[in-house]
Amino acid sequence: MVVFSLLIILINIFPANFVKGKDLYKLHPTDDAQIAQNYPPNNYGKSESMSVRNQYGGFPPPYGNGWARDALVKFDLSSLPVSPGDHVYAKLEMYYYKWWDNNPTGRELTAYRITSDWSEDTVTWNTQPSYDYHKTAVATVPHYPGKWMVWDVTPDVQDFIDGKKEVYGWRIRDEKIWGDANIPITYFRTKEYGNYAPTLEVIVDNVPPSVEITHPKYGLYISDRKIIPLPFTIVIGNVTVQAFASDEKTGILRVELYVDGTLKNVSYNEPYTWELGKIGSGLHKIEVKAYDKARNVNSKKETLLLIQ
């Protein structure tokens with residue numbers, strides 16, 4: 001009886017499709033620090049906070065240039081027990097706990113992949129590491145402090161796992177020109193604070209999402225209404241294509257609609273519904289392709305006879 005009760009407890013703690021230590025990994029940073037453009041030789045590696053600020057305090061640039069603060073954060077990705085070819089969804093989470101000078105609500109903070117090694121004990125604006133100028137992800141500062149900001153850094157982590165790129169963390173920047181006094185400053189906690197340290201959450205997901213074309217499907221449709229069921233699909237007039245897509249582990253990233261092999265539309269949120277429009281009478285191949293957040297893909301196709 002005791003063994004049975006223990007088993008029930010373990011099942012509730014570790015659901016079968018989401019096992020900690022197998023599918024979900026949470027990494028804490030090895031290094032995190034800010035660098036400040038207006039104090040270029042200063043090191044902030046032991047601080048309990050790091051902040052992000054736009055560089056322009058006067059308008060137009062370059063007037064007032066020189067006020068940037070960027071946050072750097074690094075994780076030991078080599079500690080992940082994954083193999084090349086595994087699909088992952090990775091998100092960088094940083095705790096926004098206060099602002100200063102002006103409210104940064106709604107400002108976009110961009111994450112860039114750092115391409116050279118660095119240490120929080122020595123990094124300064126003058127000794128800053130190199131980084132990839134192609135942005136990895138963007139997150140928007142929430143309305144109130146006391147929230148986690150999240151960047152989808154899956155492409156970088158996936159490239160590291162597949163041996164394509166080195167990843168020495170991410171640089172967080174505020175790049176929207178302010179051009180006035182009192183530039184908004186966004187503050188985050190660091191690992192030195194203890195609680196609310198930055199986190200890299202990585203979910204292994206090698207299972208493609210489920211996807212179905214739900215409308216039109218196997219019937220005679222007139223003016224987008226199904227009149228009678230058939231073993232094939234005939235559409236008279238205009239038609240709306242509807243699809244269902246789901247992924248239990250990482251969720252759906254996007255769903256694409258193809259008509260005769262050409263991409264026609266993309267949806268990032270439900271409902272996955274598109275007006276087919278005037279594409280001409282005849283046989284047409286409809287394909288709906290779904291991607292989960294780990295970039296697994298699945299698709300469904302259907303041929304319909306369209307009479308317009």
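So which residues in the stretch 26-55 are over 13 Å from Gly66 (Cβ atoms) and assigned to a loop (DSSP other than H, G, I, E, B), if there are any at all?
Of everything in the stretch 26-55, those that are over 13 Å from Gly66 (Cβ atoms) and assigned to a loop (DSSP other than H, G, I, E, B) turn out to be His28, Pro29, Thr30, Pro41, Asn42, Asn43, Tyr44, Gly45, Lys46, Ser47, Glu48.
Taking the residues in the stretch 76-104 that are in a loop (DSSP other than H, G, I, E, B) and under 28 Å from Ile252 (Cβ atoms) as candidates, determine which candidate is nearest to the chain's Cα centre (by Cα).
Pass one, the stretch 76-104, residues in a loop (DSSP other than H, G, I, E, B): 76, 80-87, 101-104.
Now drop any that are not under 28 Å from Ile252 (Cβ atoms), which leaves 80-87.
Values: Leu80: 19, Pro81: 21, Val82: 20, Ser83: 21, Pro84: 20, Gly85: 19, Asp86: 17, His87: 14 Å.
Checked the stretch 76-104; the qualifying residue nearest to the chain's Cα centre (by Cα) is His87.
Among the residues of the stretch 229-248, count how many are touching a residue at least 40 places away in the same chain (Cβ under 8 Å), over 19 Å from Gly282 (Cβ atoms) and surrounded by fewer than 17 Cβ atoms within 10 Å (Cβ to Cβ). Working first, answer last.
So in the stretch 229-248, the residues touching a residue at least 40 places away in the same chain (Cβ under 8 Å) come out as 232-239, 241, 243, 245, 247-248.
Okay, now just the ones that are also over 19 Å from Gly282 (Cβ atoms), so 243, 245, 247-248.
Narrowing the set further to residues that are surrounded by fewer than 17 Cβ atoms within 10 Å (Cβ to Cβ) leaves 248.
Result for the stretch 229-248: 1.
Being modelled with pLDDT under 95 and outside the structural domain of Asp152 (by TED's automatic domain parsing) narrows it down to one of Leu276, Leu257, so name that one.
So the residue among Leu276, Leu257 that is modelled with pLDDT under 95 and outside the structural domain of Asp152 (by TED's automatic domain parsing) is Leu276.
Somewhere in the stretch 186-205, is a residue touching a Ser or Thr at 6+ places or on another chain (Cβ under 7 Å), modelled with pLDDT of 95 or more and farther than 30 Å from Trp99 by Cα?
Within the stretch 186-205, one or more residues are touching a Ser or Thr at 6+ places or on another chain (Cβ under 7 Å), modelled with pLDDT of 95 or more and farther than 30 Å from Trp99 by Cα.
When Thr262 is evaluated against the numbered criteria (1) without any contact (Cβ under 8 Å) to a residue 60 or more places away in the chain; (2) touching a Gly at 6+ places or on another chain (Cβ under 8 Å), which criterion, by number, is the only one it fails?
Going through the list (1) without any contact (Cβ under 8 Å) to a residue 60 or more places away in the chain; (2) touching a Gly at 6+ places or on another chain (Cβ under 8 Å), Thr262 breaks only (2).
I'm checking my understanding of the structure. Among residues of the stretch 56-75 that are assigned to a loop (DSSP other than H, G, I, E, B) and touching a Gly at 6+ places or on another chain (Cβ under 6 Å), which one is surrounded by the most Cβ atoms within 10 Å (Cβ to Cβ)?
Restricting to residues being assigned to a loop (DSSP other than H, G, I, E, B) and touching a Gly at 6+ places or on another chain (Cβ under 6 Å), the top hit is Gly57.
Looking only at the stretch 146-159, count how many residues are outside any loop (DSSP other than H, G, I, E, B) and within 17 Å of Thr199 (Cβ to Cβ).
Final tally of qualifying residues: 9.
Table: residues versus (1) at pLDDT below 95; (2) touching a Pro at 6+ places or on another chain (Cβ under 9 Å).
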residue	(1), (2)
Phe4	yes, no
Phe18	yes, no
His28	no, yes
Gln34	no, no
Pro60	yes, no
Ser78	no, no
Val82	yes, no
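Do any residues in the stretch 60-85 that are under 13 Å from Ile177 (Cα atoms) and among the acidic types (Asp, Glu) have Cβ atoms under 8 Å from those of residues that are exposed (fewer than 10 other Cβ atoms within 10 Å of the Cβ) and modelled with pLDDT under 95, where the two are at least six apart or on different chains, and which pairs are they?
none
When you go through (1) touching a residue at least 12 places away in the same chain (Cβ under 8 Å); (2) surrounded by 20 or more Cβ atoms within 10 Å (Cβ to Cβ) one by one for Tyr44, which number turns out not to apply?
So Tyr44 meets the others, but not (1).
Restricting attention to the stretch 188-211, which residues are closer than 22 Å to Asp70 by Cα, over 17 Å from the mean Cα position of the chain (by Cα) and either surrounded by fewer than 22 Cβ atoms within 10 Å (Cβ to Cβ) or not aromatic (Phe, Trp, Tyr) (or both)?
Passing the criteria: Arg189, Thr190, Lys191, Glu192, Tyr193, Gly194, Asn195, Tyr196, Ala197.
The values are calculated or read from the model by the stated rules, or taken from the named source; none is laboratory data. Quick caveat, the model's predicted, so the values are computed rather than measured. Glycine also receives a Cβ, built like all others from the backbone with ideal geometry; neighbour counts cover every protein chain displayed.
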